[in-house]
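The values are calculated or read from the model by the stated rules, or taken from the named source; none is laboratory data. Given the structure is predicted, the values throughout are model-derived calculations rather than measurements. Note that we place each Cβ from the backbone using ideal geometry, even for glycine, and neighbour counts take in every protein chain shown. Ligands, DNA and RNA are excluded from the accessible area calculation, which covers all protein heavy atoms including side chains. Shrake-Rupley method; radii C 1.70, N 1.55, O 1.52, S 1.80 Å.
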Amino acid sequence: MKSFFGKSVYKGIVLGPVVVLKQNDFQVKRKKIEDADAEIARLEQAGNQAKEQLQRLYDKALKEVGEASAAIFEVHQMMLEDEDYLDAIHNLIQTEGVNAEYAVAVTGDNFSEMFASMDDEYMKARAADVKDISNRLIRVLSGEEEVDFRSMTPSVIVADDLSPSETVQMDKEKILAFVTVHGSTNSHTAILARMMNIPALIGVPMDLDEIQTGMRAVVDGFDGKVTFEPDEELCNQTLHRMEKEKEKLQLLQTLKGKENITADGRKINIYANIGSVGDVGYVLENDAGGIGLFRSEFLYLGKSDFPTEEEQFLAYKQVLQTMAGKKVIIRTLDIGADKQVDYFNLGQEDNPAMGYRAIRICLKQPEIFKTQLRALLRAAVFGNLSIMYPMIISTEEVTRIYEIVDEVKKELEAEQIPYKVPEQGIMIETPAAVMISDELAEMVDFFSIGTNDLTQYTLAIDRQNAKLDDFYNPHHKAILKMIQMVTDNAHKHGKWVGICGELGADLELTEQFVRMGIDELSVSPSMVLRLRKVIREMKCD
């Protein structure tokens, strides 16, 4: 029995088996081989295994996000059978007498560079696909076992760290808890844990080489503690505490169907934040009044190419239809900073949190923006959609956004495609937007305050830097004064204002937000009923 302490990002307690996700850097070494035929046979076996993996991914994607989004895995299967690609690998093995891993790595780099240099946009996009399938082949050849989240039993995921693109591909039904060596309390892994209502610890000083898949672990989010191979006494105590937590959750279930009204009659809308189509189930399960933040960038993560207009349209349409007339606020893509995607070719930045990201990408590369806007306007016909633009710092940006929306309207009209221009709002997450919120309120339909970034930029603290967690104070007077200023300016112009950052779920501030005049709070689905309980017991007069 060995215990470690870390920082808790969601309180809860579980006991279960461990699955260790280890990151390999795949620094492929060139090795001399004697038997080229045996090496080619090993390559063929790895290719078959890789195709089986891709088929499983295709089946999962087909079920969860539809045929259009799943098609990429079919493309990758076909590319693994491409004669030119395989001939080049075979040739290297035979003529230079090198190991299959090295031959795949060299061929992958060569083909990727070749595609990237072509003029045709479709062929350029294949560069990322070649890299992807080559990396998959190398992983199989290197003996790395791919975790099949579909077939594994519910487990505690233990890792060095988890990127947004890794978490978005996980089967959430099979995850009991997250435990990572690195990470920040404001990372997307932490946000996902809160959405899923599962305990999570970050900054745990454990040696992953000493922890094996199949071990048992107790993850205690209340004490910020993980214990591997717990003894019988701790297991029994944990099972008893888990039963108590289950009883508390059952009591919250009695609030389903109740209104979010304070004891003195003030109504607050409680919506939920999600990151994928599959998360809508959590929204309905927790009885949220709508979706206050659909992080559309998660449609771009974990892919090797831009999602098409049709892929996006089908995803947005599915969410709107499932929500059956309830409000769905979709944020346009917020790529950049901690959400890096290779095929965007954003390059390295010294300070990505304050760099080329979100609406800045959309305005500098309007072809990407237009694809998403076309999908959104088409989907708006099928439900109660609102569009929200992130990282706004000026009225000029809003003016330019509306110009691009007008261009999209004209395109759709010319093509005789049904569309609707929905409610359009902006995120207030920069001090600049706060200071000109009176002018911005005249231009948009609503404000949603993104407290995560607003805190980061106001306090000059990188929220992804775990060393600064002790300095990161979202309760800072400056933040609360900014929220009040934004709320007052919105109401002065007859516009509603909400909070969609993590602060919206901070029950210590709920009463203060209601007194400020906040109209809507959008939180992780698991916090909806807890928030409703606090609001219904509150009296503001």
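When Arg515 is tested against the conditions (1) assigned to a helix (DSSP H, G or I); (2) within 27 Å of the chain's Cα centre (by Cα), the lone failure is (2).
So in region 412-460, with the set limited to residues that are among the β-branched types (Val, Ile, Thr) and open to solvent by less than 20 Å² (accessible area, probe 1.4 Å), which one is farthest from Ile202 (Cα to Cα)?
First, the residues of region 412-460 that are among the β-branched types (Val, Ile, Thr): 417, 421, 426, 428, 430, 434, 436, 444, 449, 451, 455, 458.
Right, trim to open to solvent by less than 20 Å² (accessible area, probe 1.4 Å) and you get 426, 428, 430, 434, 444, 449, 451, 455.
Working: Ile426: 31, Ile428: 28, Thr430: 27, Val434: 32, Val444: 38, Ile449: 26, Thr451: 21, Thr455: 20 Å.
The selected residue is Val444.
Within region 488-524, restricting attention to residues that are touching a residue at least 40 places away in the same chain (Cβ under 8 Å) and of a type in the set (Val, Ile, Thr), the residue that is surrounded by the fewest Cβ atoms within 10 Å (Cβ to Cβ) is Val514. Taking the conditions (1) within 22 Å of Gly425 (Cβ to Cβ); (2) at pLDDT below 90; (3) part of a helix (DSSP H, G or I) in turn, Gln312 satisfies each one other than (2).
In the condition set (1) modelled with pLDDT of 85 or more; (2) assigned to a helix (DSSP H, G or I), Tyr282 is compliant with all but (1). Residues in region 199-221 that are outside any strand (DSSP E or B) and closer than 10 Å to Val14 by Cα: Pro199, Gly221.
Residues in region 119-129 that are open to solvent by less than 60 Å² (accessible area, probe 1.4 Å) and either at pLDDT 70 or above or in contact with a Ser or Thr (Cβ under 7 Å, 6 or more places away or on another chain) (or both): 4 in all.
Among helices (runs of 4 or more DSSP H) entirely within region 436-502, having at least 3 residues that are closer than 24 Å to Ile191 by Cα singles out 451-459, 477-492. Looking across region 1-53, the residues that are in a helix (DSSP H, G or I) and in contact (Cβ under 8 Å) with a residue 24 or more places away in the chain come down to Ala36, Glu39, Ile40, Arg42, Leu43, Ala46, Gly47, Gln49, Ala50, Lys51, Gln53. Looking at Thr189, is it modelled with pLDDT under 90, of a type in the set (S, T, N, Q), open to solvent by less than 20 Å² (accessible area, probe 1.4 Å) and within 30 Å of Thr107 (Cα to Cα)? No, not satisfied.
Table: residues versus (1) open to solvent by less than 10 Å² (accessible area, probe 1.4 Å); (2) closer than 18 Å to Thr308 by Cα; (3) touching a residue at least 60 places away in the same chain (Cβ under 8 Å).
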| site | (1), (2), (3) |
| --- | --- |
| Ile359 | yes, no, no |
| Cys362 | yes, yes, no |
| Glu367 | no, yes, no |
| Lys370 | no, yes, no |
| Arg378 | no, yes, yes |
| Gly383 | no, no, yes |
| Ser386 | yes, no, yes |
| Pro390 | yes, no, yes |
| Ile393 | no, no, no |
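For Leu480, indicate whether it is over 17 Å from Ser386 (Cα atoms), of a type in the set (A, V, I, L, M, F, W, C) and open to solvent by 30 Å² or more (accessible area, probe 1.4 Å). In short, no.
Within region 62-118, restricting attention to residues that are hydroxyl-bearing (Ser, Thr, Tyr) and farther than 30 Å from Gly281 by Cβ, the residue that is modelled with the lowest pLDDT is Ser117.
Return the only residue of Glu259, Glu229, Glu243 being touching a strand residue (DSSP E or B) at 6+ places or on another chain (Cβ under 9 Å), open to solvent by 80 Å² or more (accessible area, probe 1.4 Å) and farther than 30 Å from Phe447 by Cα. Reasoning before the result, please.
Working: Glu259 fails: farther than 30 Å from Phe447 by Cα; Glu243 fails: touching a strand residue (DSSP E or B) at 6+ places or on another chain (Cβ under 9 Å).
Step by step, each of Glu259, Glu229, Glu243 is checked, and only Glu229 is touching a strand residue (DSSP E or B) at 6+ places or on another chain (Cβ under 9 Å), open to solvent by 80 Å² or more (accessible area, probe 1.4 Å) and farther than 30 Å from Phe447 by Cα.
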